[in-house]
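Report on the structure given below.
The values are calculated or read from the model by the stated rules, or taken from the named source; none is laboratory data. As the structure is a prediction and not an experimental result, all values here were calculated from the model. In this analysis, Cβ positions are derived from the backbone assuming ideal geometry, glycine residues included, and neighbour counts consider all displayed protein chains.
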Amino acid sequence: MNEGVLLLFLQRIFPEWSITKGDDGDWRVSGHVRLSVSSLDGALDVLAVAEPEAEERVRRFFLRGEVTMTTALVEFDGGTEITMVQEGMPDAVSPSDNELGMRMALDNLAKLVEG
């Protein structure tokens, strides 16, 4: 999963914590404790220790059901139109966060395709 998308999910799951990724690449977790760690795994470890129910919160967030995404690509002169429809998105994911995640995914796809 893209780190930016995962960051959005973590911020939604743990709103009482400040979870960020700095320009230096370090993850910062501030709440009951304040730490700076060099990896996402380190940030998740901090949350697991500081929040005993962290694993359950993540499980409830991600396992609320099945999300189905249908993507249609239609070629036209000069490009390709992409239509994406998502069904079953958890209520905990706001439409604006979902749109941001989709835009980030499409940006990454464009970089891959365009080289």
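Things worth noting here:
- Residue check, Asp45 out of contact with any helix residue (DSSP H, G or I) (no Cβ under 6 Å at 6 or more places or on another chain), outside the structural domain of Met89 (by TED's automatic domain parsing), over 15 Å from Val5 (Cα atoms) and at pLDDT 80 or above: no
- Candidates are the residues of the stretch 82-115 that are part of a strand (DSSP E or B) and hydrophobic (A, V, I, L, M, F, W, C); the one that is nearest to Arg60 (Cα to Cα) is Val85.
- Of the residues making up the stretch 2-15, not a single one is over 25 Å from Pro90 (Cα atoms) and in contact with an Asp or Glu (Cβ under 8 Å, 6 or more places away or on another chain).
- Single unsatisfied condition, Ser39 versus (1) modelled with pLDDT of 85 or more; (2) closer than 18 Å to Asn2 by Cα: (1)
- Counting the residues of the stretch 51-65 that are modelled with pLDDT of 75 or more, farther than 13 Å from Leu10 by Cβ and assigned to a helix (DSSP H, G or I) gives 1.
- All conditions but one from (1) surrounded by 12 or more Cβ atoms within 10 Å (Cβ to Cβ); (2) over 18 Å from the mean Cα position of the chain (by Cα); (3) in a helix (DSSP H, G or I) apply to Leu47; the one that does not is (2).
- Whichever residue in the stretch 18-40 is among the hydroxyl-bearing types (Ser, Thr, Tyr) and part of a strand (DSSP E or B) and, among such residues, is nearest to Ala50 (Cα to Cα): Ser30
- Taken over the stretch 88-103, residues that are at pLDDT 80 or above and loosely packed, with under 10 Cβ neighbours inside 10 Å amount to 2.
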